[in-house]
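Participant: There's a structure below that I have some questions on.
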Amino acid sequence: MLRRALQLGWSRGLFIRRLGTRRGGSSLDWDGNISEIKKKIQSFLPGGTWNPLYDTSHLPPEQSDVVIVGGGVLGLSVAYWLKKLEKIQGGIRVLVVERDHTYSQASTGLSVGGIRQQFSLPENIQLSLFSVSFLRNINEHLAVVDAPPLDLQFNPSGYLFLASEKGAAIMESNVKVQRQEGAKVCLMSPEQLRNKFPWINTEGVALASYGLEDEGWFDPWCLLQGLRRKVQSMGVLFCQGEVTRFTSSSDRMKTASEKEVILKRIHEVHVKMDNSLEYQPVECAIVINAAGAWSGQIAELAGIGKGLPGTLQGTKLPVEPRKRYVYLWHCPQGPGLEAPLVIDSSGAYFRREGLGNNYLGGRSPTEEEEPDPGNLEVDHDFFQDKVWPPLAQRVPAFETLKVCLVECPSASAGT
Amino acid sequence: MAAPRTVGDRSSWNLQNRSLLAASAFRTSLGDQASKGPRLQAQFLLSSLPNKSLRLVVPIWNRSTRGIRGLGGAVAPEGNQKKRTLLQFLSDHFYDVMALREFLLRMQMLKVHQKNRAFPHIEEKHGPYIAGAFFILKQGGAVKFRDKEWVRPNERGHFSLEFLQFQAVPVEAVDASGCNINYEGLNSLLALKELRSLSLRCCPHLDDWCLSRLHSLANSLEELSLAGCPRISERGLACLHHLQNLRRLDISDLPAVSNPGLTQILVEEMLPNCEVVGTNWAEGLKLGPEEQPQDTASPVPA
């Protein structure tokens, strides 16, 4: 009895203490209390969205002019240019929705980081030239007061494409287009190639095209961080969540040539929070799909691809996640400081990484051997069978090398 | 071990030391690569690496500015600590102060662009050599035409215009030390097709992008000096391999180069016919136990 009373007494004491802890922490946590009080006051001062019933600070705003799905380098650049080109300050309200703030699976952080002008379409060349001038002046474009300047770690070493007899004619016409657009590319014969890069074995190479300026590789993570910083300082809102639904309305309308079309408009975007069923419908005027490898899924949510096959509505967005392997190896007698990013006619490529004789490379698999993107395991046999033989044939020094690291970035590829 | 004097000795000596330096560089770079699991951490490492060089870039960038115009940020001179926090406080709380600072920052950048504009009317009238020479002299550098004396501006920035008669005479040497030359400014410089000696010491705005343009001078350039440029790193030095006629290259005192000794060896291998003047090659090498300096006076070996 006495013991029971004592127990009750104890538990009542504990109960009281538990009440105390439920009240919101011990009084020793003064700083925590102060910051909580500040947050509460800020939430009901004018300017913030305030809900009297519960805390909504983690939710995106209820309205936004533009919603950008995906916060990688493309999504952030769109946000940057939207804000840069607005006519009045604060004229356009932009929200960037990113599912994963650590960017662990985004193509941006995991990419090899190369930039080149050696394309076959003039539009691609012009886009690349513009990007290069943006990157060159990045500290003027993305300057934020009181922040250190960005160092993109750009290696202006250029791209070297090697073509066999079959591809030589196409390469020549491509280079002609590239030079017309203003890219600084030169064609090299096997002998010139041997003089310039003595570590290349030119057997089977009919022609090579080498980018002299404005081509190379850089650190895309630094670009991403710089864009984030600048875009936040320009007033773009960020939200961590996933887009699950679009609410749209359709109208029957007539075009100028009296043809009947169905015009579909997106009114709302449902943004679902992480690890909960909570979602916020964001009213918007424009939705920009910058979801990278998952753009196809977002497009399906919007109804692109749901229609009769053969029509525009029935054509799915041809983007799907593809798995690519990137290997890092060490080769003590390998090519020196002048090595460009070499792309062999077989599709295997490599570039120098750092000063310690390390090289980064891989190979784009053909259609039949596409690996399954769902499984993120690395395939070491792929290196032994498909990547190493063509590279070792092209650069004899690579016969003896040691693989250090294998990465599996999931790139998005247009099919 | 004294550095070899002739080019011939270099190859075997380089091989010995390159492996040592490469091993240490490999370990540090692998250390960054190996922590790719926690991606943020690794990238923080990678992005924090150039911070040391950034500290040197920023003060040179705003050498002529004070207070409100300064970029602040990474480097705060000790005397301005209080001013900087007050300014930062004001910028954080008032849009006007922030807008004013952004405006002044943009003005600073515009000034550099202004200095690097080309002179098309001079080029039409007198030719590319004169236009290039005029550009360099306007920036504060010196120019030497073939078989003539050096033309330099005086302390006030004025220079004699008698070189306007040397239309057909090629410019042989340019001394652009300390000039604010940048990527656009190089247009005027690269028009000097028969340039033999170029000195770009301590140019604050010269970076790796600019070095990639120097390949158009490959036929004639024999001497190049890049000492003391705060923005040049080993990545820019990699594109100097086009300059096959280069006989003398000075890459000493480059703060942004991460591994000066190893970089010098790699550049020497890249340009076999060139004499590369750089830092002490032993920088970055740790002495082995048998090479530790023996202090015979002390009872305990060092």
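Participant: Please name the residues of region A:138-156 whose accessible area, counted over protein heavy atoms with a 1.4 angstrom probe, falls by no less than 40 Å² between the chain alone and the full protein assembly.
Facilitator: A:Glu140, A:Val145, A:Asp146, A:Pro148, A:Pro149, A:Asp151, A:Gln153, A:Phe154, A:Pro156
Participant: Give me the extension gain from A:Asn195 to A:Glu258: residue separation times 0.36 nm, minus the current Cα-Cα distance, reported in nm with one decimal. Spell out each step's value before the answer.
Facilitator: Details: separation 63, 0.36 × 63 = 22.68 nm, distance 6.57 nm.
In short, 16.1 nm is gained.
Participant: Sort the following peptides by mean Cβ neighbour count (other Cβ atoms within 10 Å, averaged over residues), highest first: B:156-168, B:233-245. List each step's numbers first, then the result.
Facilitator: Details: B:156-168: 12.1, B:233-245: 22.9.
Peptide ranking by packing, descending: B:233-245, B:156-168.
Participant: Considering only protein heavy atoms and a 1.4 Å probe, what is the carbon-and-sulfur percentage of the accessible area of region B:168-283?
Facilitator: The computed percentage sits at 43.
Participant: Shape verdict for region A:61-118, please, from the Cα gyration tensor: rounded (a/c under 1.5), prolate (a/b greater than b/c) or oblate.
Facilitator: Numbers: a/c = 3.90, a/b = 1.50, b/c = 2.61.
Judged from the Cα gyration tensor, region A:61-118 comes out oblate (a/c at least 1.5, b/c at or above a/b).
Participant: I would also like to ask the following. Which net charge results for the neighbourhood of A:Gly296, defined as the other residues with beta-carbon distances under 13 angstrom from its beta-carbon, given Lys and Arg at +1 and Asp and Glu at -1?
Facilitator: Values: positive: A:Lys306, A:Lys316, A:Arg322; negative: A:Glu300, A:Glu320.
Counting the neighbours of A:Gly296, the net charge comes to +1.
Participant: Looking only at other chains, what is the average number of their beta-carbon atoms within 10 angstrom of each beta-carbon in A:331-338? If you can, show how the numbers build up before the last one.
Facilitator: Values: counts 0, 5, 1, 0, 0, 8, 16, 11.
Taking all residues of A:331-338 together, the mean is 5.
Participant: Using the Karplus curve 6.51 cos²θ - 1.76 cosθ + 1.60 with θ = phi - 60°, work out ³J(HN,Hα) for each residue of region B:195-201 in order, rounded to whole Hz, and write x for Gly and Pro.
Facilitator: Here the 3J(HN,Hα) series is 6, 10, 9, 10, 10, 10, 6 Hz.
Participant: With every protein chain present, what is the per residue accessible area of chain A (1.4 Å probe, Å²)? Intermediate results must be reported in sequence, preceding the final value.
Facilitator: Details: 22780 Å² over 415 residues.
Per-residue value: 55 Å².
Participant: Shifting gears a bit: Using the Cβ atoms and a cut-off under 10 Å, what net charge is assigned to the surroundings of A:Asn124, where Lys and Arg are +1 and Asp and Glu are -1?
Facilitator: Values: positive: A:Arg116; negative: A:Glu123, A:Glu181.
That works out to -1.
Participant: Further question on the same structure: If packing is taken as the average count of other Cβ atoms within 10 Å, what order do A:385-398, A:193-206 fall into, highest mean first?
Facilitator: Details: A:385-398: 18.8, A:193-206: 16.1.
Packing proxy ranking, top to bottom: A:385-398, A:193-206.
Participant: Carbon and sulfur atoms: what percent of the 1.4 Å accessible area of chain A do they account for?
Facilitator: Values: 12560 of 22780 Å².
Taking all protein chains in place, chain A shows 55 percent carbon and sulfur surface.
Participant: So, one more: Using a simple charge model, +1 on the beta-carbon of Lys and Arg, -1 on the beta-carbon of Asp and Glu, nothing else, what dipole does chain A show about its Cα centre, in debye to the nearest 20?
Facilitator: Numbers: 44 positive and 46 negative charges, 359 e Å.
For this selection, approximately 1720 debye.
Participant: If you don't mind, there's one more thing I want to ask. Does region B:112-277 come out rounded, prolate or oblate by the C-alpha gyration tensor, with a ≥ b ≥ c the root eigenvalues, rounded set by a/c under 1.5 and, if not, prolate when a/b is larger than b/c and oblate if not?
Facilitator: Values: a/c = 2.04, a/b = 1.64, b/c = 1.24.
Because a/c hits 1.5 or more and a/b exceeds b/c, region B:112-277 counts as prolate.
Participant: Compute the acute angle (0 to 90°) between the alpha-carbon long axis of helix A:122-136 and the principal axis of greatest extent of the alpha-carbon atoms of chain A; round to the nearest 10°.
Facilitator: Roughly 60 degrees between the two axes.
Participant: Karplus couplings for region A:213-226 from phi (6.51 cos²θ - 1.76 cosθ + 1.60, θ = phi - 60°), rounded to Hz, Gly and Pro as x?
Facilitator: 9, 6, 10, x, 9, 9, 9, x, 5, 5, 4, 4, 5, x
Participant: Right, here's the next one. Please list, in order along region A:73-83, the HN-Hα scalar couplings obtained from phi with the Karplus expression 6.51 cos²θ - 1.76 cosθ + 1.60 (θ = phi - 60°), rounded to whole Hz, x for Gly and Pro.
Facilitator: Result, ordered by residue: 5, 6, x, 5, 5, 4, 4, 4, 5, 4, 6 Hz.
Participant: Net charge within 11 Å of B:Glu162 by Cβ-Cβ distance, Lys/Arg positive one each and Asp/Glu negative one each, not counting B:Glu162 itself? Walk me through the numbers on the way to the answer.
Facilitator: Numbers: positive: B:Lys148; negative: B:Glu149.
Around B:Glu162, the surrounding residues sum to 0.
Participant: OK, next. Roughly how large is the B-A contact in terms of buried accessible area, totalled over both chains, probe 1.4 Å, nearest 100 Å²?
Facilitator: Details: alone 18070 and 24930 Å², together 38760 Å².
The contact between A and B buries close to 4200 Å².
Participant: Also, quick follow-up: Relative to the longest principal Cα axis of chain A, at what angle does helix A:30-44 sit, 0 to 90 degrees, rounded to 10?
Facilitator: Roughly 90 degrees between the two axes.
Participant: Give the relative contact order (percent, whole number) for chain A; include only Cα pairs under 8 Å separated by 6+ residues. Let's see the in-between values first.
Facilitator: Details: 714 pairs, mean separation 74.4, N = 415.
About 18 percent, as a whole number.
Participant: Give the long-range amide H neighbours of A:Glu320: residues separated by 5 or more places, or on another chain, with amide H under 5 Å away, using H modelled in the peptide plane at 1.01 Å from N.
Facilitator: Placed amide hydrogens put A:Ala413, A:Thr415 under 5 Å from A:Glu320.
Participant: Right, here's the next one. For chain A, what is the percent of antiparallel DSSP beta bridges, rounded to the nearest 5? Numbers along the way, then the final one.
Facilitator: On the way: 50 of 66 bridges.
Around 75 percent of the beta bridges assigned by DSSP in chain A are antiparallel ones.
Participant: Which residues belonging to region B:221-238 lose at least 30 Å² of 1.4 Å-probe accessible area when the assembly is complete, relative to their chain isolated?
Facilitator: B:Glu234, B:Arg235, B:Ala238
Participant: Further question on the same structure: Take every Cα pair under 8 Å in region B:112-277 that's 6+ residues apart, average their separations, divide by the length, and report that relative contact order as a whole percent.
Facilitator: Details: 345 pairs, mean separation 27.4, N = 166.
With pairs under 8 Å counted, the relative contact order is 17 percent.
Participant: Please report how far the C-alpha centroid of region B:154-179 lies from that of region A:51-85, rounded to the nearest whole angstrom.
Facilitator: Value for the Cα centre distance between the two parts: 54 Å.
Participant: Would you grab the residues whose amide H sits under 5 Å from the one on A:Ile304? Only those 5+ places off in sequence or on another chain, please, with H modelled 1.01 Å from N.
Facilitator: Result for A:Ile304 returns nothing.
Participant: Now, a different point. Taking amide hydrogens as modeled 1.01 Å from N in the peptide plane, which residues meet the under 5 Å criterion relative to B:Asp250, leaving out close sequence neighbours?
Facilitator: For B:Asp250, whose amide H was placed from the backbone, the distant partners under 5 Å are B:Leu224, B:Ser225, B:Leu226, B:Val277.
Participant: Determine the relative contact order of region A:176-252: mean sequence separation of Cα pairs under 8 Å and six or more apart, normalised by residue count, in whole percent.
Facilitator: On the way: 40 pairs, mean separation 19.3, N = 77.
Rounded, it is 25 percent for region A:176-252.
Participant: Over 26 Å between Cα atoms: which of A:Lys254/A:Lys306; A:Lys84/A:Lys264; A:Lys176/B:Lys111 fall into that group? Numbers along the way, then the final one.
Facilitator: Working: A:Lys254/A:Lys306 22 Å; A:Lys84/A:Lys264 29 Å; A:Lys176/B:Lys111 37 Å.
Beyond 26 Å between Cα atoms: A:Lys84/A:Lys264; A:Lys176/B:Lys111.
Participant: Tell me, what is the FRET efficiency for B:Phe103 and A:Ala168 to the nearest 0.05, using R0 = 60 angstrom and their Cβ-Cβ distance as r? Mind showing how you got there, number by number?
Facilitator: Numbers: r = 54 Å, r/R0 = 0.90.
After rounding, the FRET efficiency stands at 0.65.
Participant: Work out which residues of region B:102-122 lose at minimum 20 square angstrom of accessible surface when the other protein chains are put back, relative to the chain isolated, with a 1.4 angstrom probe, and list them by number.
Facilitator: Checking the loss per residue gives B:Glu102, B:Leu105, B:Met109, B:His113.
Participant: From the helices alone, meaning DSSP H stretches of at least four residues, give me the mean residue ellipticity at 222 nm for chain A, per-run term -39500 (n - 2.57), in deg cm²/dmol to the nearest 500.
Facilitator: On the way: 11 runs with 120 residues, N = 415.
One gets -8500 deg cm²/dmol as the mean residue ellipticity at 222 nm.
The values are calculated or read from the model by the stated rules, or taken from the named source; none is laboratory data. Just so it is clear, the model here is predicted, and its values are computed rather than measured. In this analysis, Cβ positions are derived from the backbone assuming ideal geometry, glycine residues included, and neighbour counts consider all displayed protein chains. Protein only, heavy atoms only, side chains kept; ligands, DNA and RNA dropped before computing areas. Shrake-Rupley method; radii C 1.70, N 1.55, O 1.52, S 1.80 Å.
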